Amino acid sequence: MDYIADRTRCVDASGIRRIWQMAETMTDPVNFSIGAPDFPAPEPLKKAAVEAVSQDYNGYTLTAGIPELRAALAEQINQEYNWNNPSILVSGGLSGALLLGLMATVNPGDEVLIPDPYFVSYRHLVNMLNGKCVYLDTYPDFQLSAEKIAEKITPKTKLLLLNSPANPSGTVYSAQQLKAVAEIAQKHDILVFSDEIYRDFSYDQSAPSIAQFYDNTIVMRAFSKAYGVPGWRIGYIAVPEKHTDLFNQMATVQQYTFVCAPHPFQRAILANLDLDISQHINAYREKRDMIYDGLKEDFGLVKPGGAFYAFVPAPGGSATEFVTQAIQNNVLVIPGEVFSQKDTHFRISYATSNENILKGIERLCNLAKKFQ
Ligand code: PLP
């Protein structure tokens, strides 16, 4: 008897697994592979979590989260996007939000538009639900155009997954671009998921959201990156009033899967919604500049506007080949094939110390020169 369900067979983790295996052989590595901030959670947040646990906030919450937190987040969304009465569901991080959103919308065969390169889970979640990933090639500048989207729309297109600032490219879409995308989505009645997990990490302008222009958008956010708490598993989904039915379906899925987001951490976030993280953002802007300035000559990369990644063309053209050599030179980066249908670029996460960044730049540039 084969006990494994077909839906999991279509998930291939071999690319990244191979990299981790190679990484085990590294000595004195510069690790540019981590998709999480390198700063600790702020003290008041930690204190609030400890207090919540000792004050016995350890039971279930309502499925959609504690009402005070939902109300505060709804108010924030209302102010930012001018959405009247949005519904908020507090989720298990952004991954939880994605799973609930996709479970509630994707039928087998439904087409989901995904700008390529993409956050790796999008592809696997859609595949597991028997949806069809339709990739929008955004190379070489990783910008999105309404024309590219229009070319890929069919009667089966249901959803567009947007992520800005983006993983792995660091791209921040402009308001103008998002307006054009909103128009085409409107014309074809396409629902948009806006993954805003890196919204605070935007270095040259505040990151616009398509939600400002298009109310057929489901906004997904999380505290994982901005508050340095990826292990807390707290995120949220904001749903416009006209999609209350959809919100209810997502809540039903949560009821029978995650049940609720972790209660003490919901309390801690509620007590700290206005944390000032500008110090960290300024430090990350500096890291972005160091990476861009350090690599632009040898690699000719696009300047990332946000998140904490750069997506860099691989000298020689094969990312897997370049990454293998980078690992032999004690720099851990991830080949583009993990995030893309192509394997021409590699991802750097610069969420590490400035000292490591300088060391990594030197090693990568020395290696690039061998390809010239
Ligand atoms: N979306 C994007 C674009 C991400 O980069 C990540 C994490 O790296 C997630 C979602 C998942 O975030 P979480 O840890 O909150 O589930």
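Values as computed for the structure displayed
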item: Test set (1) within 30 Å of Val192 (Cβ to Cβ); (2) open to solvent by less than 10 Å² (accessible area, probe 1.4 Å); (3) out of contact with any Pro (no Cβ under 8 Å at 6 or more places or on another chain); (4) of a type in the set (A, V, I, L, M, F, W, C) - Leu99 fails condition number; result: (2)
item: Residue match in the stretch 25-40 (condition: assigned to a loop (DSSP other than H, G, I, E, B), open to solvent by 30 Å² or more (accessible area, probe 1.4 Å) and within 16 Å of the ligand (Cβ to nearest atom)); result: yes
item: Among (1) at pLDDT below 95; (2) within 30 Å of Leu69 (Cα to Cα) - the single one Val172 does not satisfy; result: (1)
item: Residue in the stretch 212-227 that is nearest to Val181 (Cα to Cα), counting only those that are outside any strand (DSSP E or B) and open to solvent by less than 10 Å² (accessible area, probe 1.4 Å); result: Tyr214
item: Residue list for the stretch 282-300, filter: open to solvent by less than 20 Å² (accessible area, probe 1.4 Å) and farther than 22 Å from Phe371 by Cα; result: Tyr284, Lys287, Arg288
item: Ala104 being over 30 Å from Ala310 (Cα atoms), out of contact with any helix residue (DSSP H, G or I) (no Cβ under 9 Å at 6 or more places or on another chain) and open to solvent by 20 Å² or more (accessible area, probe 1.4 Å); result: no
item: Residues that are under 20 Å from the mean Cα position of the chain (by Cα), surrounded by fewer than 17 Cβ atoms within 10 Å (Cβ to Cβ) and of a type outside the set (Ser, Thr, Tyr), drawn from the stretch 141-181; result: Asp141, Gln143, Ala175
item: Residues located in the stretch 265-280, provided they are away from the ligand (no atom under 16 Å from the Cβ) and open to solvent by 20 Å² or more (accessible area, probe 1.4 Å); result: Arg267, Leu270, Ala271, Leu273, Asp274, Leu275, Asp276, Ser278, Gln279, His280
item: In the stretch 137-153, the residues that are in contact with an Asp or Glu (Cβ under 9 Å, 6 or more places away or on another chain), closer than 17 Å to Lys179 by Cβ and of a type outside the set (Lys, Arg); result: Ala146
item: Pick from the stretch 178-208, criterion away from the ligand (no atom under 14 Å from the Cβ) and in a loop (DSSP other than H, G, I, E, B), ranking: nearest to Lys287 (Cα to Cα); result: Tyr203
item: Candidates Tyr284, Tyr292, filtered to the one that is under 17 Å from Asn167 (Cα atoms) and in contact with a Lys or Arg (Cβ under 7 Å, 6 or more places away or on another chain); result: Tyr292
item: Matching option when the condition is within 16 Å of the ligand (Cβ to nearest atom), touching a strand residue (DSSP E or B) at 6+ places or on another chain (Cβ under 8 Å) and within 30 Å of Ser206 (Cβ to Cβ), among Arg70, Arg123; result: Arg123
item: Some residue of the stretch 301-314 being in a helix (DSSP H, G or I) and either crowded, with 22+ Cβ neighbours inside 10 Å or outside the structural domain of Ile114 (by TED's automatic domain parsing) (or both); result: no
item: Test result for Val239, in contact (Cβ under 8 Å) with a residue 40 or more places away in the chain, in contact with a Leu (Cβ under 8 Å, 6 or more places away or on another chain), farther than 15 Å from Pro86 by Cα and more than 15 Å from the ligand (Cβ to nearest atom); result: no
item: Lone unmet requirement of (1) of a type outside the set (D, E, K, R); (2) open to solvent by 40 Å² or more (accessible area, probe 1.4 Å); (3) more than 21 Å from Ile77 (Cα to Cα) for Ile184; result: (2)
item: Search result, residues across the stretch 326-372 that are part of a helix (DSSP H, G or I), in contact with an Asp or Glu (Cβ under 8 Å, 6 or more places away or on another chain) and not basic (Lys, Arg); result: Gly336, Glu337, Asn354, Leu364, Cys365, Ala368
item: The stretch 98-120: number of residues that are in contact with a strand residue (DSSP E or B) (Cβ under 8 Å, 6 or more places away or on another chain), away from the ligand (no atom under 16 Å from the Cβ) and in a helix (DSSP H, G or I); result: 1
item: The lone exception for Ile234 - which of (1) in contact (Cβ under 8 Å) with a residue 12 or more places away in the chain; (2) surrounded by fewer than 23 Cβ atoms within 10 Å (Cβ to Cβ); (3) at negative phi it fails; result: (2)
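The values are calculated or read from the model by the stated rules, or taken from the named source; none is laboratory data. The structure displayed is predicted, hence computed values, not measured ones. Note: ideal-geometry Cβ built from the backbone for every residue, glycine included; neighbour counts use all protein chains shown. Protein only, heavy atoms only, side chains kept; ligands, DNA and RNA dropped before computing areas. Shrake-Rupley method; radii C 1.70, N 1.55, O 1.52, S 1.80 Å.
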